[in-house]
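Enquirer: I'd like to ask some things about the structure below.
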Amino acid sequence: MADTIVLKAACASDGESLHLQGVAGRGGATRILGRRRGGRRRLADALGLCAALALSGCGRDQLPVIAARGPIALAERNLLFTAAAVMLIVVIPVFVMAFWFTWRYRASHPKAPYKPHWSYDWRIDMIVWLVPAAIVIALGYLVWTKTHRLDPYRPLVASRLPLRVDVVAEDWKWLFIYPGQKIAVANELVFPADRPLSLRLTSDTVMNSFYIPGLGGQIYAMAGMQTRLHLRADGPGSFVGRNTQYSGIGFPDQYFAVHAVSAASFRAWVARVKHAPKTLDAAAYAALAKPSTRFPVTYYSAYEPGLFDRILHKYTARMRAPVPPPAPHPGGN
């Protein structure tokens, strides 16, 4: 005896339901018997509404690459949009022709042209080769010119001198050293919004990738090597920076806070850090360098002079050490 299966799916806001009734026969096969009129349209509306609700939290604040807050981030975003638009020259016609060919050459279309002996058309050949070549040339020009214009080592042109900050990647945290202010901070970067930011980076662990999406620019921090990055904010604001290079178990939580503040607020913040009870001496740095996750923001009112250079040269000295000759093989030649 056949079993009857009734499926109900929530529809639009009018509270109606879509009823699909099937009969399961021997072997588990199901045959659809009936569907309420307009059910497909209501189901599509319901799915669209669900998708809109699911994506309602994806605003511009949650997309820092789109909501650029600095000249470097804005230039990188515009380059991304331009490259995507150039590539759409191929993507859009492909989808249009796919649907058009399906409709034009459908089996129920008696007037569709039928050419069983067709083999070549020079116009199609020209389009297939010349259009992609033009796109590659255009993208190559964009990448070449913008890469040099957005060189992370190039200082930004501004009326005020940049604020220099030395950055050290740790496991799994970031250390920011302010040479001009003689202070150090863990997991927080604060700078005046009216001045460019000049960063000098290295790592006291494995390779990390320093990235602040809202301000633009991504640069690697590597042990024994020094990289540079120049950034600027359009105005006061808060951002989130992170490591985008997998570096171990604490990688998912390796974030740091970034604040672009007014000049007066920056001076007040520096004064507050200078009154912090902790100092970054050798023992404190050894404790900081130990692997730890979700390290809290920590202020150091002073640090040992030359700390960044010592961290940098700690690894370069190993690289320059002479390699001992291999021991002779016991078997002779």
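The values are calculated or read from the model by the stated rules, or taken from the named source; none is laboratory data. Owing to the predicted nature of the structure, the values given are computational and were not obtained by experimental measurement. Note: ideal-geometry Cβ built from the backbone for every residue, glycine included; neighbour counts use all protein chains shown. Side chains included, ligands, DNA and RNA excluded: accessible areas come from the protein's heavy atoms. Shrake-Rupley method; radii C 1.70, N 1.55, O 1.52, S 1.80 Å.
Enquirer: Could you list, in sequence order, all residues of the range 167-183 that are closer than 14 Å to residue 256 by Cα and either in contact with a Lys or Arg (Cβ under 6 Å, 6 or more places away or on another chain) or among the small types (Gly, Ala, Ser) (or both)?
Expert: Of everything in the range 167-183, just one residue is closer than 14 Å to residue 256 by Cα and either in contact with a Lys or Arg (Cβ under 6 Å, 6 or more places away or on another chain) or among the small types (Gly, Ala, Ser) (or both), namely 169.
Enquirer: Could you list, in sequence order, all residues of the range 178-199 that are surrounded by 18 or more Cβ atoms within 10 Å (Cβ to Cβ) and basic (Lys, Arg)?
Expert: The answer is 195, and nothing else.
Enquirer: Related question: I need every pair where a residue in the range 300-329 that is aromatic (Phe, Trp, Tyr) has its Cβ under 9 Å from the Cβ of a residue that is at pLDDT 65 or above and open to solvent by 90 Å² or more (accessible area, probe 1.4 Å), sequence separation at least 6 or different chains.
Expert: These pairs meet every condition: 300/278; 303/182; 315/225.
Enquirer: A follow-up question, please. Any residue at all in the range 165-180 that's under 30 Å from residue 245 (Cβ atoms), among the acidic types (Asp, Glu), in contact (Cβ under 8 Å) with a residue 24 or more places away in the chain and touching a helix residue (DSSP H, G or I) at 6+ places or on another chain (Cβ under 7 Å)? Give the steps one after another, and end with the answer.
Expert: Initially, the range 165-180 is screened for residues under 30 Å from residue 245 (Cβ atoms), giving 165-180.
Applying the additional criterion that residues be among the acidic types (Asp, Glu) yields 166, 170-171.
From what's left, in contact (Cβ under 8 Å) with a residue 24 or more places away in the chain: 166, 170-171.
If we keep only those that are touching a helix residue (DSSP H, G or I) at 6+ places or on another chain (Cβ under 7 Å) as well, we get 166, 170.
Scanning the range 165-180, I find at least one residue that is under 30 Å from residue 245 (Cβ atoms), among the acidic types (Asp, Glu), in contact (Cβ under 8 Å) with a residue 24 or more places away in the chain and touching a helix residue (DSSP H, G or I) at 6+ places or on another chain (Cβ under 7 Å), so the answer is yes.
Enquirer: Counting only residues that are open to solvent by less than 10 Å² (accessible area, probe 1.4 Å) and assigned to a strand (DSSP E or B), which one in the range 243-259 is nearest to residue 164 (Cα to Cα)?
Expert: Within the range 243-259, the subset open to solvent by less than 10 Å² (accessible area, probe 1.4 Å) is 243, 250, 254, 256, 258.
Next, only the ones that are assigned to a strand (DSSP E or B) stay: 243, 256, 258.
Details: 243: 20, 256: 18, 258: 15 Å.
Result: 258.
Enquirer: Now for a different question. In the range 140-155, is there at least one residue being surrounded by 10 or more Cβ atoms within 10 Å (Cβ to Cβ), part of a strand (DSSP E or B), touching a residue at least 24 places away in the same chain (Cβ under 8 Å) and charged (D, E, K, R)?
Expert: Let us first name the residues in the range 140-155 that are surrounded by 10 or more Cβ atoms within 10 Å (Cβ to Cβ), namely 140-147, 149-152, 154-155.
With part of a strand (DSSP E or B) added as a condition, the list becomes none.
Looking for residues that are surrounded by 10 or more Cβ atoms within 10 Å (Cβ to Cβ), part of a strand (DSSP E or B), touching a residue at least 24 places away in the same chain (Cβ under 8 Å) and charged (D, E, K, R), one finds none in the range 140-155, hence no.
Enquirer: Please verify whether the range 269-284 includes one or more residues that are within 18 Å of residue 166 (Cα to Cα), crowded, with 16+ Cβ neighbours inside 10 Å and within 22 Å of the chain's Cα centre (by Cα).
Expert: So far as the range 269-284 goes, no, none of its residues is within 18 Å of residue 166 (Cα to Cα), crowded, with 16+ Cβ neighbours inside 10 Å and within 22 Å of the chain's Cα centre (by Cα).
Enquirer: Listed residues 206, 240; which is β-branched (Val, Ile, Thr), under 14 Å from residue 172 (Cα atoms) and open to solvent by 50 Å² or more (accessible area, probe 1.4 Å)?
Expert: On the way: 240 fails: under 14 Å from residue 172 (Cα atoms).
The unique qualifying residue is 206.
Enquirer: Do the conditions hold for residue 136, that is, is it without any contact (Cβ under 8 Å) to a residue 40 or more places away in the chain and part of a loop (DSSP other than H, G, I, E, B)?
Expert: So residue 136 fails the test.
Enquirer: Same structure, new question: Output the residues belonging to the range 220-229 that are assigned to a strand (DSSP E or B) and buried (at least 19 other Cβ atoms within 10 Å of the Cβ).
Expert: Residues satisfying the conditions are 221, 229.
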